[in-house]
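Colleague: Okay, here's the structure, questions in a sec.
Bear in mind that the values in this text are calculations on the coordinates, not laboratory data. Model, not experiment: these values are computed from the prediction. Virtual Cβ from ideal backbone geometry, glycine too; neighbours counted across all protein chains shown.
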Amino acid sequence: MVSSAFKPAVTRVIEPIARALSRIGVTPDAVTLFGTIGASASALFLLYRGELFWAALAVSAFALSDLFDGAIARVSERGASQWGGFLDSTCDRITDASILAGLTLYFVKDEDPLAQLAIASIVIGNLIPYIRAKAESYGIACTVGIAERTERLGLTLTAIGLAGLGVPYALAIGMWVLVVLGLITVGQRIWVVRKGLRPNE
């Protein structure tokens, strides 16, 4: 979740905490599951109830676990594992879908047409990592994109939080921007795959 520009500074802060957690027996998988369950439950429950600000705050707090699972894995004796990476990636998809599902329920309850954008965002959010995974199965690196997960998640939570504070049109603008940036990212990745496969045809 941390942009590469800030990652070194963040790592210096969280590594001592990760070492302490590792010493008392906290595992990366436990942290991953804790964060996913907490973020998903908070999103679904609080967003449905219309508690937008508290939903954004709670999900952001639980999402911080994404910083610690990898750090604990790196400082532990076993180190990072393929299973850990798989679990983390899978749980990221669950968290993202839960946030947008919670928004969909919120919009549907109020008969708000923004529900359509929330559903579109769920589809786009799953399509982006799928294209990357499929590309990599062909041996093509496909990490390009104007809006990767960090940006999309940050945008979504910011829009939810601002809407919870009463900022007019924050959710509407946020959802439209999310969909547009997501579609651009999908297009960018499809183009990369197309260029990568064309020499073989």
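Colleague: Show that you can apply the helix-only estimate: for the chain, add -39,500 (n - 2.57) for every DSSP H stretch of four or more residues, divide by all residues, and state [θ] at 222 nm to the nearest 500.
Modeller: Numbers: 8 runs with 158 residues, N = 201.
The helix-only estimate for the chain comes to -27000 deg cm²/dmol at 222 nm.
Colleague: All other residues with a Cβ under 10 Å from the Cβ of Tyr106 taken together, and with Lys, Arg as +1 and Asp, Glu as -1, what is their net charge?
Modeller: Cβ neighbours under 10 Å give a net charge of -1.
Colleague: Quick one: compute the contact order of the chain, relative version, from alpha carbon pairs under 8 angstrom and 6+ residues apart, as a percent.
Modeller: Numbers: 235 pairs, mean separation 45.8, N = 201.
Relative contact order for the chain comes out at 23 percent.
Colleague: Among (1) 14; (2) 21; (3) 27, which one is percent of Cα pairs over 30 Å apart computed from these coordinates?
Modeller: Among (1) 14; (2) 21; (3) 27, the one derived from this structure is (3).
Colleague: I want the local charge near Gly164. Using Cβ-Cβ distances under 14 Å, sum +1 for each Lys or Arg and -1 for each Asp or Glu among the other residues. Show your work: numbers first, answer last.
Modeller: Values: positive: Arg49; negative: Glu51.
Residues near Gly164 contribute 0 overall.
Colleague: What does the range 80-171 give for Rg and for Dmax, in Å, if only its C-alpha atoms count?
Modeller: 15.4, 47
Colleague: So which DSSP H runs in the chain come out at 18 Å plus along the axis (Cα) with average Kyte-Doolittle of at least 0.5?
Modeller: Result, helices passing both filters: 28-49, 114-137, 170-197.
Colleague: Less than 15 Å Cβ to Cβ from Ala41, Lys/Arg counted +1 and Asp/Glu -1: what total charge do the surrounding residues give?
Modeller: Details: positive: Arg49; negative: Glu51, Asp96.
Neighbour charge sum, excluding Ala41 itself: -1.
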